[in-house]
Amino acid sequence: MTKILIALENIGLGGMKRATTVVGNALAQQHNVVYYSFSDLPPFYTLSADLLVAKRPLTLANDAKPYVKYAEQIQDFINIAREFDVVILAGGLLSSFAAVMKPQLPDTQLIGWMHNNVTTYKSQYYADMQTEFEAGLRALDTVVVLTDYDLAGFKPYNQHAVKIWNPLTIIPNGRADLTQHIIAFTARIAIQHKGIDFAVQLASKLPNDWRLAIAGNGLPEDMVTFQELIEKYAAQDKIIYRGGLKDEALRQHYRDASIFLQTSRWEGLPLVLAEAMSFGLPIVAMKNTGSAEVLDDGEYGILVENGDVDGLLAAIQPLLNTQKERQHYADISLRRVEDFEIGPILEQWQALF
């Protein structure tokens, strides 16, 4: 039985944390798995394995000179990691620590798990620590990526990059009610990342009998901007805001809708699309490397150019007009979501150990 340590910055609300815990919980059925959090934030998701919290917990940031800034926390982590066969580092910041870890842990398998696309990581998330990020990539034994785009992008830094999709993170019960004039939207209220401005603009243009139901929460400053956007576009009567949802409340959110919308400017592999598919929701998304991967460039849903709100409205119009069109795309969604079942994905993970 392999001893596996799965490290995260924290286990709060978010797609990366959700996907990591789903895979980790599945691995825990066959291996000795322990989670490690650098933060003492209480877990948002259910864990099926023990959780170790850093001796000196803190909120990590993607700032310059992380090896200096977090030297104590990295060494504390290395001391724990010595007891494990495999260490999985979720995200780019923790993966950068591999350059410090590997000399002290030469016999420990270090796996970096990239949950976002390589361009966003380099140009935005880790722009202030690119040297450390690239050093970490080179030190890892394996780099797990989510899309073909990222496989090509990460290979120059590590020839042991492999593509493994994240699995479906929800167990569906029931199907979407395609008669409801509600479009579901599930995302953190992160204005730029999730394209909340685009979503609010679209909501303001919907026919009078249609509503956009938004599930998700965000930082205080983003919530203020969210309200400002709703007022700016006079969308108060077009948006149903449900806050952050999980478990049965999230399932009901999907069942009560007839269409699912995503407007993200960038994504890794947006599993929220697979979630919505599992309830038989037609998918309409703005194009980024992640949505293009899940929808296979429009084979399994409607893709429009990123930022084109008028184009989005035009693309979604046939779905608004007839239930027959919605049912057509619902059937396509249900076929596609089979590709995200956890069984084959777990086999790919276990082949790494």
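The values are calculated or read from the model by the stated rules, or taken from the named source; none is laboratory data. None of the values given here were measured: they were computed from a predicted structure. Positions of Cβ are backbone-derived with ideal geometry, glycine not excepted, and every protein chain shown enters the neighbour counts.
Identify the residue in the range 210-232 that is under 22 Å from residue 310 (Cα atoms) and touching a Leu at 6+ places or on another chain (Cβ under 9 Å) and, among all such residues, is surrounded by the fewest Cβ atoms within 10 Å (Cβ to Cβ).
The residue in question is 210.
So if I check each of 290, 280, 307, 298, which one is within 21 Å of residue 268 (Cβ to Cβ) and surrounded by 21 or more Cβ atoms within 10 Å (Cβ to Cβ)?
Working: 280 fails: within 21 Å of residue 268 (Cβ to Cβ); 307 fails: surrounded by 21 or more Cβ atoms within 10 Å (Cβ to Cβ); 298 fails: surrounded by 21 or more Cβ atoms within 10 Å (Cβ to Cβ).
Being within 21 Å of residue 268 (Cβ to Cβ) and surrounded by 21 or more Cβ atoms within 10 Å (Cβ to Cβ) holds for just one of 290, 280, 307, 298, which is 290.
Pairs, please: C-beta under 8 Å, at least 6 apart or cross-chain, first residue in contact (Cβ under 8 Å) with a residue 12 or more places away in the chain and in the range 215-235, second among the polar types (S, T, N, Q) and in a loop (DSSP other than H, G, I, E, B)?
Sorted first by the residue in the range 215-235, then by its partner, the pairs are 223/217; 230/236.
Can you give me the ranges of the helices (runs of 4 or more DSSP H) entirely in the range 143-239 with at least 2 residues that are over 15 Å from the mean Cα position of the chain (by Cα) and not assigned by TED's automatic domain parsing to the domain that holds residue 23?
On the way: elements: 148-154, 196-205, 220-232.
Helices (runs of 4 or more DSSP H) meeting the threshold: 196-205, 220-232.
In the range 242-290, what residues are farther than 12 Å from residue 15 by Cβ and among the charged types (D, E, K, R)? Don't jump to the end; show me each part of the working.
Keep residues of the range 242-290 that are farther than 12 Å from residue 15 by Cβ, which gives 242-261, 263, 265-266, 276-289.
Of everything in the range 242-290, those that are farther than 12 Å from residue 15 by Cβ and among the charged types (D, E, K, R) turn out to be 242, 246, 247, 248, 251, 255, 256, 265, 287.
Scan the range 98-105 and tell me whether some residue there is surrounded by fewer than 16 Cβ atoms within 10 Å (Cβ to Cβ) and in the same structural domain as residue 31 (by TED's automatic domain parsing). Quick ask: steps written out before the conclusion?
Filtering the range 98-105 down to residues surrounded by fewer than 16 Cβ atoms within 10 Å (Cβ to Cβ) leaves 103-104.
Then drop every residue that is not in the same structural domain as residue 31 (by TED's automatic domain parsing), which leaves 103-104.
Checked the range 98-105: at least one residue is surrounded by fewer than 16 Cβ atoms within 10 Å (Cβ to Cβ) and in the same structural domain as residue 31 (by TED's automatic domain parsing).
Yes or no: residue 45 at pLDDT below 95, surrounded by 16 or more Cβ atoms within 10 Å (Cβ to Cβ) and aromatic (Phe, Trp, Tyr)?
Numbers: at pLDDT below 95: yes; surrounded by 16 or more Cβ atoms within 10 Å (Cβ to Cβ): yes; aromatic (Phe, Trp, Tyr): yes.
Yes.
Consider residue 11 against the criteria (1) at pLDDT below 95; (2) in contact with a Pro (Cβ under 8 Å, 6 or more places away or on another chain); (3) assigned to a loop (DSSP other than H, G, I, E, B): it satisfies all of them except one. Which criterion is unmet?
(1)
Looking at the structure I just gave you, is residue 287 free of Cβ contacts under 8 Å to residues at least 12 places away in the same chain and of a type in the set (D, E, K, R)?
Numbers: free of Cβ contacts under 8 Å to residues at least 12 places away in the same chain: no; of a type in the set (D, E, K, R): yes.
Considered against the rule, which asks whether it is free of Cβ contacts under 8 Å to residues at least 12 places away in the same chain and of a type in the set (D, E, K, R), residue 287 comes out as no.
Looking only at the range 70-97, filter to residues that are of a type in the set (A, V, I, L, M, F, W, C) and part of a helix (DSSP H, G or I); which one of those is surrounded by the fewest Cβ atoms within 10 Å (Cβ to Cβ)?
Residues of the range 70-97 that are of a type in the set (A, V, I, L, M, F, W, C), as a first pass: 71, 74, 77-78, 80-81, 84, 86-90, 93-94, 97.
Imposing the further condition that a residue be part of a helix (DSSP H, G or I) reduces the set to 71, 74, 77-78, 80-81, 93-94.
Values: 71: 12, 74: 20, 77: 23, 78: 18, 80: 16, 81: 20, 93: 23, 94: 24.
Checked the range 70-97; the qualifying residue surrounded by the fewest Cβ atoms within 10 Å (Cβ to Cβ) is 71.
In the range 115-142, which residues are outside any helix (DSSP H, G or I), of a type outside the set (S, T, N, Q) and out of contact with any helix residue (DSSP H, G or I) (no Cβ under 6 Å at 6 or more places or on another chain)? Show your work before the answer.
From the range 115-142, those outside any helix (DSSP H, G or I) are 115-117, 126, 140-142; that's our starting set.
Of the ones still in play, those that are also of a type outside the set (S, T, N, Q) are 115, 126, 140-141.
Of everything in the range 115-142, just one residue is outside any helix (DSSP H, G or I), of a type outside the set (S, T, N, Q) and out of contact with any helix residue (DSSP H, G or I) (no Cβ under 6 Å at 6 or more places or on another chain), namely 141.
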